[in-house]
There are 2 protein chains.
Amino acid sequence: MAENREVTIYDIAKHLNISAATVSRGLNNNPAVSKNTRKRIAEAALKLGYQSNTFASSLRSKSTHTLGVLVPRLNSHFMSSVLAGMEKAANKHGYNLIIAQSLEEAQNEKLNADTMFNKRVDGLLISLSYDTRTLDHLEPFFKRNIPVVFFDRVHPHASSISVVINNYDAAYKVTSHLIEQGCRRIMHLGGNVLRNVYKDRFDGYRQALKDHDLPFQEKWHWVSALSEEDGTAAASHILDMPASKRPDAVFSANDTSAVYCMMALKAAGFHIPDDIAFAGFNNDPISKVIEPNLTTVDYSGETMGDIAVNNLINHLKGVSNLFSTNSITLRANLIIRASSLKGSRQ
Amino acid sequence: MAENREVTIYDIAKHLNISAATVSRGLNNNPAVSKNTRKRIAEAALKLGYQSNTFASSLRSKSTHTLGVLVPRLNSHFMSSVLAGMEKAANKHGYNLIIAQSLEEAQNEKLNADTMFNKRVDGLLISLSYDTRTLDHLEPFFKRNIPVVFFDRVHPHASSISVVINNYDAAYKVTSHLIEQGCRRIMHLGGNVLRNVYKDRFDGYRQALKDHDLPFQEKWHWVSALSEEDGTAAASHILDMPASKRPDAVFSANDTSAVYCMMALKAAGFHIPDDIAFAGFNNDPISKVIEPNLTTVDYSGETMGDIAVNNLINHLKGVSNLFSTNSITLRANLIIRASSLKGSRQ
DNA sequence: TTGTACGCGTTATCAA
DNA sequence: TTGATAACGCGTACAA
């Protein structure tokens, strides 16, 4: 039976009758080591089955090449696209990702942030939970100047950067589009206005109404978690209204609740978009499957993840001081589909 | 300006006039330390802003409380559900996840496996890439007895465990169901048969045909990556056939390509299920949105992730030796919806 | 170009 | 119940 001890640089050193220091330098391609010994070291490492011990190295070098990623939920189309983009970018630069989810609870967010700090991630990428109210739990990072990048669900902070889309503008455009289609009574299915994404979408919606001289009614702002069930519930709510009081359009802050609201209304005999027009947000795969296809706002999660990670890593490497800016705003596009095109009866 | 040095257990020790060893024990809730000193240590730690350094600890204790997760792609509905289940289970036991994607390439899989080994993950959870042919790249893990759990896309290995569903059985049931609906010419949209999930689904399909005395034709086995585009292409392929040669049912190995195939055929004037019936696999959100709703196979990614992690952690903790078994098969259910119910014209 | 010697922050061993 | 001390594996001044 083979000994179960790790193969270390000392084993390589002994094997080649050189010092461990030289081995260490050789493995790190330090040019101070002669080409020849570097080659011999590499060969010996392979032969002995050496695998570097990352955290012994981290302990000395104070850098882990690991980034922490903290998100509300892992299982949404948008978030998994973001993660895919992040992983790809991180991998390209030799970084790894530790990923955790807060499950929309500030308390979990704090616990996970602490763990990541204890694992000494080189940087943190975070999208805030539904009910996070302060950034106190990130103080350890701020205090030790570990860079924090906020994305999507952000919170302003002096020494951090945010990667976002212009939610206000996108919502303004969606709402204006619905108004241009002749809609006058536009309901908004929104999320918790504590989060910028939902507050900004709501604000954009309201401003568009205002700019078109349309009144806003508090009862048309239906706040929920924007789940499938919430979409269905919103439909019931609409069905419960007297016919004359019903909205003639719905702008939902995500596609899921838009689609489930549509399906329930269709089942109740409504014709979309003629009886009621629809627009969502996210360009989720279901938006291209529902009939009629859902008008929505498209923005790339992969790009958001890529940009967030690249900025973080550039900052870490000192390549650029992009943290001198406060936020990066990515492009978001209104995608007009049949669900909001009045008179285009199919 | 504060010194930028870490707060260590030595600082706490000095502060309390006790030894670092005691502090270490106290922080780890070692019962050998008196309740009182444990309390004083905790207070001092808080006061001094101490944050434990995980990898200094790992270096000594030879355990990282970190699990590696290696998947083909992060951004699919199924995979993100699995990850959500894994993260939840891991977090509950105080473990963290390092997540990487192979992007369906064996080469990336190897690189990522090496990195994870170097980061000394306590265990590895892996779903194989599209073209992985051997497990050579996992040898470092096997050699050092670091447990490996395969899930979904697995490969038999003596000292590892697999968490799967019975793909063969599910596909057999789907196909039998289509046959019972009167379908006789059933096409199969499949994936690379190098992977168990696609091979088993294909085998189950073929066996069902055989058991019902239906001939199998090689041209009805359409292999692709099962993307949206592949689904659309399959539809073109069907449309290119002479009407009399066309299949009367399609069983796709995932919902995405089933749905896109359906949409293209619907656009071409086909009525589903009367002209051609459909069944998919995965119970993806789009399967409940397409009209008619798609018959599919439902199995919980979250459960698969949960089971995989729990087994791994139990094994690590020595709580159970579940690795004595070779594989765990989770429930998968045939969900019959309108897309395969002939004669149920709506 | 290479070697010596030490320290990173923690835990394990042994002794008290 | 606590303390002194030696590791864990690696990187880096400094010296040679």
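The values are calculated or read from the model by the stated rules, or taken from the named source; none is laboratory data. It should be emphasised that the depicted structure is a prediction, and the values quoted were computed from it without experimental measurement. Please note: Cβ atoms are built from the backbone with ideal geometry, for glycine as well, and neighbour counts cover all protein chains shown. Only protein heavy atoms, including side chains, enter the accessible area calculation; ligands, DNA and RNA are left aside. Shrake-Rupley method; radii C 1.70, N 1.55, O 1.52, S 1.80 Å.
Here the Debye sum runs over all C-alpha atoms of region B:9-52 as equal scatterers in vacuum, and log10 of I(q)/I(0) at q = 0.18, 0.24 Å⁻¹ comes out as -0.39, -0.71.
Taking the DSSP beta bridges in the protein assembly as shown as the whole, what percent of them are antiparallel, to the nearest 5? About 10 percent, rounded to the nearest 5.
Panel note: the C-alpha atoms of region A:246-346, placed on their principal axes, show extents of 60, 23, 18 Å (largest first). Site pair residue A:166 and residue B:143 shows an inter-label distance of 5.6 nm when each label is modelled 7 Å from Cα along Cα→Cβ. Counting lysine pairs in region B:207-346 whose alpha carbons fall under 23 angstrom apart, excluding pairs fewer than 8 residues apart on the same chain, gives 10. Let me make sure I get this right: for chain A, a, b and c are the square roots of the gyration tensor eigenvalues over alpha carbons, sorted descending. Under 1.5 in a/c it's rounded, otherwise prolate if a/b > b/c, else oblate. Which is it? Since a/c reaches 1.5 and a/b is larger than b/c, the shape of chain A is classed as prolate. 3J(HN,Hα) couplings calculated from phi for region B:333-339 with the Karplus curve 6.51 cos²θ - 1.76 cosθ + 1.60 (θ = phi - 60°) are, in sequence order, 10, 6, 10, 8, 10, 4, 4 Hz; Gly and Pro show x. In order along region A:243-254, phi translates into HN-Hα couplings of 3, 6, 9, 6, x, 9, 7, 10, 10, 9, 6, 8 Hz, rounded to whole numbers, per the Karplus curve 6.51 cos²θ - 1.76 cosθ + 1.60 with θ = phi - 60° and x for Gly and Pro.
Per residue, the convex hull spanned by the Cα atoms of region B:168-290 measures out at 96 cubic angstrom.
When a/c reaches 1.5 or more, the comparison of a/b and b/c decides; with that in mind, is the protein assembly as shown rounded, prolate or oblate per its Cα gyration tensor?
Details: a/c = 2.19, a/b = 1.34, b/c = 1.63.
The shape class here is oblate.
Note on chain A: GNM, Cα springs under 10 Å; of A:81, A:176, A:58, the largest mean-square fluctuation is that of A:58. Assuming charge only on the beta carbon of Lys and Arg (+1) and of Asp and Glu (-1), the dipole of chain B about its Cα centre is about 1480 debye to the nearest 20.
Given a 10 angstrom Cα cut-off, can you work out which residue in B:334, B:48, B:103 is the most mobile in a GNM of chain B? Between B:334, B:48, B:103, it is B:48 that shows the largest mean-square fluctuation.
When you restrict to C-alpha pairs under 8 Å that are six or more residues apart and normalise by the size of chain A, the relative contact order lands at 16 percent. Counting only protein heavy atoms and a probe of 1.4 Å, the accessible surface of chain A is 50% carbon and sulfur.
Take the protein assembly as shown with all the other protein chains still there, run a 1.4 Å probe, and you get 43 Å² of accessible area per residue.
How big is the A/B interface in buried accessible area, both sides summed, 1.4 Å probe, to the nearest 100 Å²? List each step's numbers first, then the result.
On the way: alone 17350 and 17370 Å², together 30020 Å².
Answer for the A-B pair: about 4700 Å² buried.
Return the FRET efficiency for the residue pair residue A:319, residue B:213: r is the Cβ-Cβ distance, R0 is 51 Å, and the value is rounded to the nearest 0.05. Step by step, r from the Cβ atoms, then E = 0.15.
Only four residue types carry charge here, +1 at the Cβ of Lys and Arg and -1 at the Cβ of Asp and Glu. Report the dipole size of region B:9-52 about the Cα centre in Debye, rounded to the nearest 20.
With Lys and Arg at +1 and Asp and Glu at -1, about 140 debye.
Along the charge dipole of the protein assembly as shown, which of B:80, B:113, A:177 sits closest to the positive end, that is, farthest toward it, with unit charges on the beta carbon of Lys, Arg, Asp and Glu (+1, +1, -1, -1)? About the Cα centre, the residue reaching furthest to the positive side is B:113. Need the per-residue list for region A:40-54: every residue with at least 10 Å² less accessible surface in the complex of protein chains than in the chain by itself, probe 1.4 Å, sorted by number. At a threshold of 10 Å² (probe 1.4 Å), the residues of region A:40-54 that become less exposed are A:51, A:52, A:53, A:54.
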